[in-house]
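**Student:** Sharing a structure with you now.
Please treat every number below as a calculation from the coordinates, not as lab data. This structure is a prediction, so every number in the text was calculated from the model and none was measured. Using ideal geometry, Cβ is built from the backbone for each residue, glycine included, and neighbour counts are taken over all protein chains shown.
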Amino acid sequence: MRWTPGNRGDIEDMRGGGGGMGMVPLGIGGFILLAVLSMFTGVNFFSLLGGGGAGPSGATGTSGPVTSTPAEEHEADLAGAVARDVQQTWAGILGGRYEETKVVLFRDQIQSACGFAQSATGPFYCPSDHKVYLDLGFFDELRQRFGAPGEFAQAYVLAHEFGHHVQNLTGTEAKMRQLARADPSEANPLSVRLELQADCYAGVWGHAAAQPGRAAQGKVELDPGDTEYGLRAAAAIGDDRLQKLATGRVMPEKFTHGTSEQRVSWFKRGLDSGDPGACNTFADVH
Ligand SMILES: [Zn+2]
């Protein structure tokens, strides 16, 4: 995958902040600043400071200095380049309906508008603040634990989360949540459909990124063979495979993301067509 590092305009770097043990000396000015921040954003910044238990890094504060490695900075640059490209692509497809958002980088744990989250949750999208949350450690996990190497594998995961952002903007997410509330037994099957659609939307971006000549314009450009890495990642994080890895057995009634085969198939549908209209995983839901 070809891309240009150095553009982090779509990144909110919170790696220097985490849930520490309240060791930050807060002057009255700091207190007021946090109170104002909490009011404006709806996020309780105080909870970032105290009580949450220290992460392994023991980091405190919301934007402290980031100790990092060149390899990790490369991944942060990749996240920035992919986020920009994915958002440009959707702005082109949805026009005025698209709303720009950010990728929040965090380490170990984060207080999002959707609640407290730990890295073990994996990357996620928060519909309340419209942001994508990513611990770069997941990229290593993808490579080592799930056997899915390659930059396009990482890009696919990010593009999938932006797929949820698109579902939020188009109202699909709200509609499905309403249906799930009306019939809780449908919650898991509906979740699978949402996830598979996000996979297909990730493919829609992959289709755009596969067009030749993009690298010359400073955009992300896939090389021949890159899609294989993405498809391998989609297969690696199917519910059936994750369950087998965790518990040794497969429980279809607990699926929330779809099987490896389903994930690959919908991702491919987006990749081949480049058309969000090909991503209707709800065709038989009314
Ligand atoms: Zn998802």
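**Student:** State which entries of Lys131/Lys268; Lys175/Lys254; Lys102/Lys175; Lys175/Lys219 exceed 29 angstrom in Cα-Cα distance in the structure shown. Don't skip to the end; give the middle numbers.
**Tutor:** Working: Lys131/Lys268 25 Å; Lys175/Lys254 21 Å; Lys102/Lys175 24 Å; Lys175/Lys219 34 Å.
Exceeds cut-off: Lys175/Lys219.
**Student:** Please list the three semi-axes, largest first and in whole Å, of the ellipsoid equivalent to region 193-282, using sqrt of 5 times the eigenvalues of its alpha carbon gyration tensor. Before the final figure, lay out the partial values.
**Tutor:** Details: eigenvalues 154, 44, 12 Å².
In descending order the semi-axes read 28, 15, 8 Å.
**Student:** Now a separate question. Expressed in nm to one decimal, what extension gain is obtained for the pair Ser265 and Cys114 from 0.36 nm per residue of sequence separation less their Cα-Cα distance?
**Tutor:** Numbers: separation 151, 0.36 × 151 = 54.36 nm, distance 2.98 nm.
Length gained between Ser265 and Cys114: 51.4 nm.
**Student:** Along the Cα→Cβ direction, 7 angstrom out, place labels at Arg241 and Asp284. What is the inter-label distance in nm?
**Tutor:** Each label point is offset 7 Å from its Cα along the Cβ direction, giving 2.6 nm.
**Student:** Something else about it: Assuming a ≥ b ≥ c are the square roots of the Cα gyration tensor eigenvalues, decide whether region 142-223 counts as rounded (a/c under 1.5), prolate (otherwise, with a/b larger than b/c) or oblate. Could the numbers behind the result be given before it?
**Tutor:** Values: a/c = 3.88, a/b = 1.85, b/c = 2.10.
Because a/c hits 1.5 or more and a/b fails to exceed b/c, region 142-223 counts as oblate.
**Student:** Sticking with this structure for a sec: Give me the base-10 log of I(q)/I(0) for region 73-195 at each q in 0.09, 0.13 Å⁻¹, Debye formula, one uniform scatterer per Cα, rounded to two decimals.
**Tutor:** -0.27, -0.56
**Student:** I've got another one for you. Suppose a student asked you for the relative contact order of region 102-243, using Cα pairs under 8 Å spaced at least 6 residues apart; what percent would you report?
**Tutor:** Working: 165 pairs, mean separation 32.2, N = 142.
Once normalised by length, the contact order is 23 percent.
**Student:** Simple spin-label model, 7 Å along Cα-to-Cβ: Thr256 to Thr67 in nm?
**Tutor:** Going by the 7 Å Cα→Cβ label model, 3.3 nm.
**Student:** Okay, moving on. Please list, short to long, the whole-number percent of alpha-carbon pairs of region 61-106 in consecutive 10 angstrom bins beginning at zero.
**Tutor:** Histogram of Cα-Cα distances, whole percents per bin: 23, 40, 25, 12.
**Student:** Applying a 10 Å radius around every beta-carbon, put 86-96, 248-258 in order of their mean neighbour count, most first.
**Tutor:** Values: 86-96: 16.8, 248-258: 13.6.
Peptide ranking by packing, descending: 86-96, 248-258.
**Student:** Around Ala246, what is the net charge, scoring Lys/Arg as +1 and Asp/Glu as -1 over all other residues with Cβ under 14 Å from its Cβ? Numbers along the way, then the final one.
**Tutor:** Details: positive: Arg145, Arg241, Lys244, Arg249, Lys254; negative: Glu141, Asp239, Asp240.
Combined, the nearby Lys, Arg, Asp and Glu give +2.
**Student:** Sticking with the crude label model, points 7 Å out along Cα→Cβ, report the distance from Phe124 to Ala215 in nm, one decimal please.
**Tutor:** 3.7 nm
**Student:** I've got another one for you. Highest first, please rank the peptides 135-141, 183-189 by the mean number of other Cβ atoms sitting within 10 Å of their residues. Walk me through the numbers before you get to the answer.
**Tutor:** Details: 135-141: 19.0, 183-189: 12.6.
Going from most to least packed, we get 135-141, 183-189.
**Student:** Further question: Among all the aspartates and glutamates, which ones have a C-alpha under 16 Å from Lys244's C-alpha, if same-chain residues fewer than 8 places away are not counted?
**Tutor:** Result set, ordered by chain and number: Glu253, Glu261.
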